[in-house]
Amino acid sequence: MRYSLFPGCIAKNLYPSIEKATSIVFKELGIELVEDPYTCCPAPGVIRSYDFDSWLVIAARNIATAEARGIPLLTICNGCYGTLGAADRYLKEHPESVERVNKFLGMIEMRYQGTTRVIHFVDLIKERLPQIREAVKVELDLKVAIHYGCHYLKPSAHGGENPERPEILEKIVECLGCESVDFPEKLSCCGAGGGVWSGNEDLSMAILQRKLNFIKKAGADCILDICPFCHLQLDQGQKRLKTRFEIPVLHLNQLIGLSFGIKDKILGLHTHMVSTRNIAKNAKKARKDLLQ
Amino acid sequence: MALDLPSIIKNFDLRKCMQCGKCSASCPAGFESNLKTRMIIYMAKSGIDVLDLNELWSCTTCYTCQERCPKGVKVTDAIIFLRNLAARRGNFPRIHLTAIKAIYDTSNGFPLTPEISKIRSLLGLSKEPADVAHNEEALSKFRRLMESIDIINMIREAQK
Ligand code: SF4
Ligand code: SF4
């Protein structure tokens, strides 16, 4: 099956290590990803907050791009999913707005028809747990603090996991041989969404601090996310806070990549803000144990 | 489609609110700021003007309140559409203009920098992503699209 990969602004232009891990992991899984000319999804927190219709038109342009190829659009970011998934659903439920949107898209010879799907990458991983288990080469002995973020789970009209009691990331972490640690307010927001990251830095950092306090107390070796924007907040944000947490942050595709035996340097973990040295050491040791 | 206040009240079921406060008790932004979600819903449904409140912009749109509301009030969606009206009145964080302008100029909210381009090469990725930002024809078409939608004019108006 082929998918049109929608990396999103942050994975492309701030954390290319996430884009790299994604291409490696999906290749290992035998899933073909193609590149297409996309724009910003556009950012739900900012653009949708200013003008819903403008948000819908830009999102529809992106969806129509995958549609023109006749394949589904695959996101690796909760924010992109929050925009593209919600816009696609809105257009499918409101045929009159499809006409409205197509008036704009017609000016640049494009058209939204509603014939493709927007998929969050976790839903593809979910269907392939046995295959992933087979492909695990090194068992990383890591205590992982799972951060679902908001817009993979909510609004729950997206379908899939129960937003109050999701299980899929715990299952994936277990399947990789790691341990998921519990902590209070595990499902709460990282503080980046809704335009708060740029619009109200103090508040954004206060929400992050609260979250990291809980994660630190839980004794986690690393934080696991499924969204480059949460990743940016959790990784870069640690450098903006006074408390020195120093908890490494991994996107799910990076953790899977490590488990598949891919070296940390190849995955670009050294390009993160918070040092991932301990994770790399752990992976190296696990690889050695394997050889003995 | 900037909905007016009566349509927001109707479309997002604000009248069903019974002021239980579950939304506020669930709100990660409310824990750390003056955002009082229950109050915003109360004021809006009573026809009291909320459009000048800075707190409208403290919501992270996490959707926890909307998921938990026992009456099915579409709390987060309502806040987003209240922001649409507030922005037209000039109540919005000015710093967002940078992101909106970046999208207009480059098609990306976070444009590529030379430093990241270098990291991309080191990781064996293409120096520049195969996106609209690096495709001249697609970018000029995208700008044409941006010129035709409301957000650009709205921002220009609000800045006057
Ligand atoms: S949770 Fe729902 S019913 Fe309760 S105060 Fe909030 S909006 Fe009103
Ligand atoms: S969506 Fe906004 S108002 Fe509702 S709980 Fe989240 S931050 Fe608070």
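Couple of notes before you dig in:
- In degrees, nearest ten, helix A:52-69 long axis to first principal axis of chain A (Cα): 80 degrees
- Derived scalar couplings between HN and Hα for the stretch B:113-126 equal 10, x, 4, 5, 4, 5, 4, 4, 4, 4, 7, x, 8, 4 Hz in order, rounded to whole Hz, by the Karplus curve 6.51 cos²θ - 1.76 cosθ + 1.60 (θ = phi - 60°), x for Gly and Pro.
- Whole-number percent relative contact order across the stretch B:1-97, with pairs defined as alpha carbons under 8 Å at least 6 apart: 35 percent
- When each of the peptides A:139-150, A:75-86 is scored by the mean number of other C-beta atoms lying within 10 Å of its residues, the order from highest to lowest reads A:75-86, A:139-150.
- Partner shielding of B:137-143 amounts to 3, given as the average count of beta-carbon atoms from other chains within 10 Å of each residue beta-carbon.
- Angle between chain B longest axis and helix B:75-88 axis [Cα atoms, degrees, rounded to 10]: 70 degrees
- Listed pairs A:LYS92/B:LYS16; A:LYS20/A:LYS154; A:LYS27/A:LYS171; A:LYS103/B:LYS10; A:LYS216/A:LYS288 exceeding 24 Å between Cα atoms: A:LYS92/B:LYS16; A:LYS20/A:LYS154; A:LYS103/B:LYS10; A:LYS216/A:LYS288
- Averaged over the residues of B:93-101, the number of partner chain Cβ atoms lying within 10 Å of the residue Cβ comes to 5.
- Take the Cβ atoms of A:ALA135 and B:ILE48, set R0 to 56 Å, and the FRET efficiency comes out at 0.45.
- Helix A:277-291 and the longest principal axis of the Cα set of chain A meet at an angle near 70°.
- Average beta carbon contacts from partner chains per residue of B:16-28, 10 Å cutoff: 1
- The shape of the stretch B:94-159 comes out oblate: with a ≥ b ≥ c from the C-alpha gyration tensor, a/c is at least 1.5 while a/b does not beat b/c.
- Note, ³J(HN,Hα) from phi for the stretch A:250-262, Karplus 6.51, -1.76, 1.60, rounded to Hz, x at Gly and Pro: 10, 6, 3, 5, 6, 5, 5, x, 4, 5, 7, x, 6
- Accessible carbon and sulfur surface of chain A relative to its total accessible area, %, 1.4 Å: 50 percent
- Value of [θ]222 nm, deg cm²/dmol, for the protein assembly as shown, DSSP H segments ≥ 4, -39500 (n - 2.57) each, nearest 500: -15000 deg cm²/dmol
The values are calculated or read from the model by the stated rules, or taken from the named source; none is laboratory data. Here the structure is a predicted model, which means the values were calculated and not measured. Here Cβ is always computed from backbone atoms with ideal geometry, including for glycine, and neighbour counts include all displayed protein chains. Accessible surface is based on the protein model in full, side chains and every heavy atom, while ligands, DNA and RNA are left aside. Shrake-Rupley method; radii C 1.70, N 1.55, O 1.52, S 1.80 Å.
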